[in-house]
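Data first, discussion second: the structure below is written as structure tokens.
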Amino acid sequence: QLVLNILQASSRHLNPGDVIRVGAFIKAQEVGMSFSYVSNMVADGARLKSLGTLVSSANVPRTRHGLELALARLLVAMHQGTLEMKTTQDRTTTVTVKFPAIRVL
């Protein structure tokens, strides 16, 4: 459910041909996943889109934006994990989820 929520939130900000990179890692008995993509400029209005930006859409009511990420944060917090979002100057947005060693089987 966590992966689906993050991917659904990310997919709303992609243009045709854009790619989401998914990765996983184990570091110091900590398990993590990362999701990243490079957003492009919007043709209408030339606004920069990013995962953390609330962009109004005709198809989705404004109240639904961010719901997937809020649910993802709650799921991660239930397992004592962290969810971090970063957008760099080159417009790459990365969502990183980390779970502590006590959650590793």
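Remarks
- When Ile26, Ile6, Ile20 are compared by accessible surface with a 1.4 Å probe, the order from highest to lowest is Ile26, Ile20, Ile6.
- Per-residue ³J(HN,Hα) for the range 82-90, Karplus 6.51 cos²θ - 1.76 cosθ + 1.60, θ = phi - 60°, Hz, x for Gly and Pro: 10, 10, 10, 10, 9, 10, 8, 5, 7
- Start at zero, step by 5 Å, and the Cα-Cα distances of the range 1-42 spread as 5, 20, 27, 20, 14, 8, 4, 2, 0 percent across the bins.
The values are calculated or read from the model by the stated rules, or taken from the named source; none is laboratory data. In this text the structure is predicted, and so the values were computed from the model without any measurement. For the accessible areas, the whole protein counts, side chains as well, though only heavy atoms, and no ligand, DNA or RNA atoms are used. Shrake-Rupley method; radii C 1.70, N 1.55, O 1.52, S 1.80 Å.
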